[in-house]
Amino acid sequence: MSKPSIVGVGLHRTGTRSLSEALKILGYTSSHWEDNALQLMEHYKKGNVRALLYDAQNYDAVSDTPFCLIFRELYQAFPDAKYILTLRRNPQKWLASLLRHVQTMKSWKEFQDVLATIYGEKPVGQNQQRFLYYYENHNDAVRHVIPNVLEVCWENGDGWPELCSFLGHPKIPNEPFPHFNKTSE
């Protein structure tokens with residue numbers, strides 16, 4: 001398998017869209033949640049990892065759900081890819097972002113089903129400790145499974161220098177790093 005060469009393994013609401021857009025600016029084809037997520041989540045629900053790996057081969061880079069959920073399988077299939085773990089400043093910032101996102105998507109049943117598939121329950125706000133545990137456990141598992149994973153936090157000022165250095169890009173783009181879904185502090 002020759003693609004993808006870059007895999008974002010951070011959970012949703014950690015700056016995965018910013019990562020995907022930055023990779024597009026650098027010239028990569030990048031798949032993110034918007035592309036065909038509900039179809040991919042159906043494969044994930046059914047345990048059809050092969051279909052997800054097959055879909056990943058259509059891009060130079062993949063990130064967000066459901067790809068971050070199968071990081072072990074992606075690493076096994078694409079061991080030479082560059083892996084990037086996007087993080088929030090702290091777990092509470094991630095949870096607050098997730099709760100805000102859930103509120104905006106409350107009427108979208110398919111999104112609620114996606115959350116239930118990932119976390120095993122809904123609604124998110126009623127068991128916050130479970131979600132914080134999931135976030136921290138996911139990040140620890142990524143660190144344990146994937147050597148040399150780049151950890152970035154856009155909130156802490158990471159951006160072009162860290163990303164370009166890790167990917168071996170000699171030139172930093174002459175434009176601001178893309179920040180999507182940014183929460184005002």
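The values are calculated or read from the model by the stated rules, or taken from the named source; none is laboratory data. Everything quoted here is computed from the prediction, not taken from an experiment. FYI the Cβ positions are ideal-geometry reconstructions off the backbone, even for glycines, and counts take in every protein chain you see.
Out of all the residues in the range 12-47, which are in a loop (DSSP other than H, G, I, E, B), out of contact with any strand residue (DSSP E or B) (no Cβ under 8 Å at 6 or more places or on another chain) and closer than 17 Å to ASP158 by Cα?
Hits for the range 12-47 are ARG13, LEU26.
Going by the conditions given, is TYR83 at pLDDT 95 or above, over 18 Å from ARG13 (Cβ atoms), in a helix (DSSP H, G or I) and hydroxyl-bearing (Ser, Thr, Tyr)?
Taking the combined requirement at face value, the residue does not satisfy it.
Just checking, how many residues over the range 48-80 are in a loop (DSSP other than H, G, I, E, B) and in contact with a His (Cβ under 6 Å, 6 or more places away or on another chain)?
Qualifying residue count for the region: 3.
For the range 3-47, give me the residue count where each residue is within 24 Å of ASN139 (Cα to Cα) and aromatic (Phe, Trp, Tyr).
2
Of all helices (runs of 4 or more DSSP H) completely enclosed by the range 104-185, which ones contain at least 2 residues that are modelled with pLDDT under 95 and within 22 Å of ARG89 (Cβ to Cβ)?
Ranges flagged: 109-119, 128-145.
For the range 134-182, name all the residues that are exposed (fewer than 13 other Cβ atoms within 10 Å of the Cβ) and not charged (D, E, K, R).
ASN137, HIS144, PRO147, ASN148, ASN156, GLY157, PRO161, SER165, GLY168, PRO170, ASN174, PRO176 - these are the residues of the range 134-182 that are exposed (fewer than 13 other Cβ atoms within 10 Å of the Cβ) and not charged (D, E, K, R).
Could you count how many residues in the range 16-66 are in contact (Cβ under 8 Å) with a residue 24 or more places away in the chain, buried (at least 16 other Cβ atoms within 10 Å of the Cβ), more than 17 Å from PRO178 (Cα to Cα) and not hydrophobic (A, V, I, L, M, F, W, C)?
Of the residues in the range 16-66, 6 are in contact (Cβ under 8 Å) with a residue 24 or more places away in the chain, buried (at least 16 other Cβ atoms within 10 Å of the Cβ), more than 17 Å from PRO178 (Cα to Cα) and not hydrophobic (A, V, I, L, M, F, W, C).
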